[in-house]
Structures are given as C-alpha cells and as structure tokens.
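None of the figures in this text is laboratory data; all of them are computed from the coordinates on show. Everything numeric here is computed off the predicted structure, so don't read it as measured data. For neighbour counting, all protein chains shown are included, and Cβ atoms are generated from backbone atoms with ideal geometry for every residue, glycine included.
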Amino acid sequence: MLSLTDRGLYCAAGDFFVDPWRPVPRALITHGHSDHARWGHGAYLATDLAVPVIRHRLGRIDLQTVRYGEVLRIGDATVSFHPAGHVPGSAQIRVEVAGEVWVVSGDYKLEDDGLSTPFEPVRCHAFISECTFGLPVFKWTPQAQVLRDIADWVAWAAAEGRTPVLGVYALGKAQRLIAGLAGVGVGPVLTHGAVEATNAVMRAQGIALPETVPVTRELDVGAHRGRLVLAPPSALGTPWVRRFGKVSVGFASGWMRLRGVRRRRGADRGFVISDHADWDGLNAAIAATGAERVLVTHGYTAVFARWLTELGYDAGVLATDFSGEGADDDAGATGEDGEDWSTGPVAEGEAAPGGAP
C-alpha cells in the first residue's frame, strides 16, 4: 500500500506522499519538525494544531488542515490523522485501501506531557514506527520526577551564584518544560529567541503557556541571575550564553541516558526526558496496534527489527531521511555565534547520533 521511493513514502492509490523529503505534488505531514515538514511541496495536509508552526517555518504554502479523527477520501484511499503525543499537533497517519490499513507513526511518545494531545493507538495491519530509542537501555524517568530534578538544579545553581542554562529543542521540548516547570515553582524562565518564536506561535493559536522572559539585547541579565534560561543546543558554548557570566549548563534529552553523550555536550547536568517513546513505549505502542507487519525507521533500526522478528512480527527496516532526536547534532536554531535575539527558525532537524546502527 505504501512504497518507499527516492522522494519518500508513497501511496499510489491516493497519489500522495507521507512526510516526503524531496518536493512532491501532494504531501501529508505528521508534524512540524523539519525532517518531516520540508519546503517545496505542491500541497500540504496537516492537523489544524500543527499548521501554525508549519506555516511559521515554511512561509506561504498551499496548506490544508484536518482535525484529529476526521476522515478524508483521497483518490482510492481513506486517510485520517490521530494523536501521536510527540509535540502539539503531531499525528499518526492512518491509510486504508480496499480494507487494508497501514499507519505511519511519525514521531511519538506514550507519556502524557500535559501539553500535546496524548498518544492514541490505532489498530492496523501494518505499522511504520520510529525507533529512535530502540534499545533496552532507554527507559524514561517519569516527567514529574524530571521536573523536580530540574527544579533542584535551578535552586542549587542560584545558591552558587550561577545562572542555569538548559539546552532544549525549540519546538516541543521547550514548551513542555515551560508548562511543566511552572507547576513546581520554576518560572518565569528566560527564553532564547528561537524558543520564544515558537512560544509566540503556540500562544497565538490558543495553547496556554506560562509567562516567559525573552532574552533580548536590552535585557539586564544581571537582574535575572539564578533564573533558568532555556536555549537551543546550538546556542550552548557561544557568546550568547557567556553574557550570563557564571553559568551551570544542563541538557534535556533522551540521549542523556548515555553518560558519554553528556560529556561530549559539555554539560554539567543531564536530564533524561524525550519527546520520543522509550524501549517500553515502543513495544507497548506496537502491541496496541495489533499489527502483524512492522517496519521501523530512524534510530536503532537493525537491532529493533531483529527484536521484533524474535517476538513473531513480520518486521523490517525502512530506510528514510527522518532523523529523530539529536545526540550530537542539534536544533540549529542560531548562527555560529548563537546570536538569535527575537525570532528565527522554530526548529531544525533533530538528527540521530553519529554512528548509531
């Protein structure tokens, strides 16, 4: 039903592509991260909740909206979008042709982050699943505990006369933490321009986010010493951060489960929190679909496909240009010196770690 081409996943029955990486006439988009939503397609289809960020990133494009669960007929295919829980507006795309159902997961997580529409399993015959964190070592600490850990670090940094600067992706992770940390008494947080640009888009569409303090050239950072700063990974270690003086640098990512990654990032503290499913989440999500065939993409694909085969699934690897959450590469939201004071891209591609199988 869905075949892999040099432009992406193609459905011949509906003559459309899902998250294509090269220009195509018609693209169905799971969410706004740039490895899934790219410029140059003739027409786009995405959820109404994802559209504002996609428009902000891609500018003037032919973009149609769809609500979660709304059923559309495209050629000889029936399609619908269902919550993926990855970031606000993210979706799994269900495609049915002649009674056979395939689901493309996009990126997803099972934990309810309090901001994104929670993941909903969709029954299908074949499931195309990401497996960014498809190894047993990747098991997430509950969000509530991570938020408390970050709050304790912020309090420690303030007591030491340091400003805590936390590296986060500008679309999704940043807003998740802004909302969650307010509940444990951290805030208002200071925000890099790339983060604040995303905040503005989401607030304009009605998503409630706590107050934040944008870091502008005019801001007296001395008056905010000890307050948490959220910045994209690309800003860490740049003059933008050095203006805060004595800092403690943290990084929030699923890759913080691996100590070596934290050392390479040069972070004082690593907080294990991801907008992707962990090992248990991947296995639970796949089981809930009832699918007999599972194709995996981006991450530890060979290892995870072999595991699924041992469990009795008809499993295989789908080689795509999707990249998942970055370990060494990052959100790319600034130039080389990290100077982004007000707007800038919402998020760039979140690449898989170099050398991952």
Which labelled figure in (1) 138; (2) 147; (3) 121 is volume of the Cα convex hull per residue in Å³, once derived from the coordinates:
(3)
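Pick out, in residue order, every one of the GluC sites (Glu not before Pro) in region 155-251 that is DSSP loop and has at most 12 other C-beta atoms within 10 Å; say none if there are none.
Glu160, Glu211, Glu218
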Dipole in debye (nearest 20) - region 11-96, about Cα centre, beta carbon charges: Lys, Arg +1; Asp, Glu -1:
260 debye
Once label points are set 7 Å from the Cα along Cα→Cβ at both Leu4 and Asp76, what is their separation, rounded to one decimal in nm?
2.4 nm
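For a quick check of your reading of the filter: which chymotrypsin sites (Phe, Trp or Tyr not before Pro) in region 1-69 sit in a DSSP loop and have no more than 12 other Cβ atoms within 10 Å?
Trp39
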With +1 on each Lys and Arg Cβ and -1 on each Asp and Glu Cβ, how big is the dipole of the chain about its Cα centre, in debye rounded to the nearest 20?
720 debye
Viscosity 0.890 mPa s, temperature 25 °C, Stokes-Einstein D of region 143-271 from Kirkwood C-alpha radius, µm²/s:
168 µm²/s
The chain: most fluctuating residue of Glu70, Glu96, Glu292 per GNM, C-alpha cutoff 10 Å:
Glu70
Amide H contacts of Ala43 (H built 1.01 Å from N, under 5 Å, at least 5 apart or other chain):
Arg26, Ala27
Could you tell me how many degrees, from 0 to 90 and to the nearest 10, lie between the Cα long axis of helix 143-159 and the main elongation axis, the longest principal axis, of the Cα atoms of the chain?
20 degrees
Once you've got the GNM for the chain with C-alpha springs shorter than 10 Å, pick whichever of Asp113, Asp19, Asp268 has the biggest mean-square fluctuation.
Asp268
Proxy exposure order for Thr289, Thr238, Thr5 (fewest C-beta within 10 Å first) is Thr5, Thr238, Thr289
Please compute the contact order of region 143-271 in relative form: average sequence separation of alpha-carbon pairs under 8 Å and at least six residues apart, divided by the residue count, as a percent.
34 percent
